[in-house]
1. Points 7 angstrom from Cα along the Cβ direction at Ile24 and Ala45: gap in nanometres?
2. With everything on Cα atoms, drop me the angle between helix 39-54 and the longest principal axis of the chain, reported from 0 to 90° to the nearest 10.
3. What size of dipole, in debye to the nearest 20, comes out for the chain about its Cα centre when the only charges are +1 on Lys and Arg C-beta atoms and -1 on Asp and Glu C-beta atoms?
4. Run lengths n ≥ 4 of DSSP H only: what is the helix-derived mean residue ellipticity at 222 nm for the chain, with -39500 (n - 2.57) per run over all residues, to the nearest 500?
5. Lys and Arg at +1, Asp and Glu at -1: add these up for the other residues within a Cβ distance under 13 Å of Leu31 and post the number.
6. Could you report the chain's accessible area per residue, 1.4 Å probe, as an integer in Å²?
7. Against the empirical 2.2 N^0.38 Å scaling, what ratio does the C-alpha Rg of the chain come to?
8. Subtract the Cα-Cα distance of Ser69 and Ile33 from 0.36 nm times their separation in residues, and report this length gain in nm to one decimal.
Amino acid sequence: GDRFFVYTDGLAEAVNEASDAYGIQRIMNTLQITSAEDPERVVNAIISDVDAFRDGVPHRDDLTLCAFSIV
């Protein structure tokens, strides 16, 4: 029942129009909200949240993330 989430620094360093970084705390908040979801939904929730945060600002770095659970 263990769950793992790994990501590259491009996720936390994604910025919005005001040059604010997405940050680790936002990642943690989304993980807490989706903790009961399957890994695919966790990844989709984080991608949706970071896209909404960026609001059209292009990525400056790669955005790689992976979630999985051990059954």
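The values are calculated or read from the model by the stated rules, or taken from the named source; none is laboratory data. Computed from a prediction, not measured in an experiment: that's the story for all the values here. Because the Cβ atoms are built from the backbone with ideal geometry, glycine has one as well, and the counts that use them run over all protein chains shown. SASA here: full protein model, heavy atoms, side chains in, ligands and nucleic acids out. Shrake-Rupley method; radii C 1.70, N 1.55, O 1.52, S 1.80 Å.
1. Between Ile24 and Ala45, the label points sit 2.1 nm apart.
2. Taking the Cα atoms of the chain, the angle to 39-54 is about 10 degrees.
3. Details: 5 positive and 13 negative charges, 28 e Å.
Once rounded to the nearest 20, the dipole reads 140 debye.
4. On the way: 3 runs with 31 residues, N = 71.
My calculation for the chain gives -13000 deg cm²/dmol from helical runs alone.
5. Values: positive: Arg3, Arg26, Arg41; negative: Glu37, Asp49.
That works out to +1.
6. Values: 4630 Å² over 71 residues.
Heavy-atom accessible area per residue stands at 65 Å².
7. 1.09
8. Values: separation 36, 0.36 × 36 = 12.96 nm, distance 1.63 nm.
That works out to 11.3 nm of additional length.
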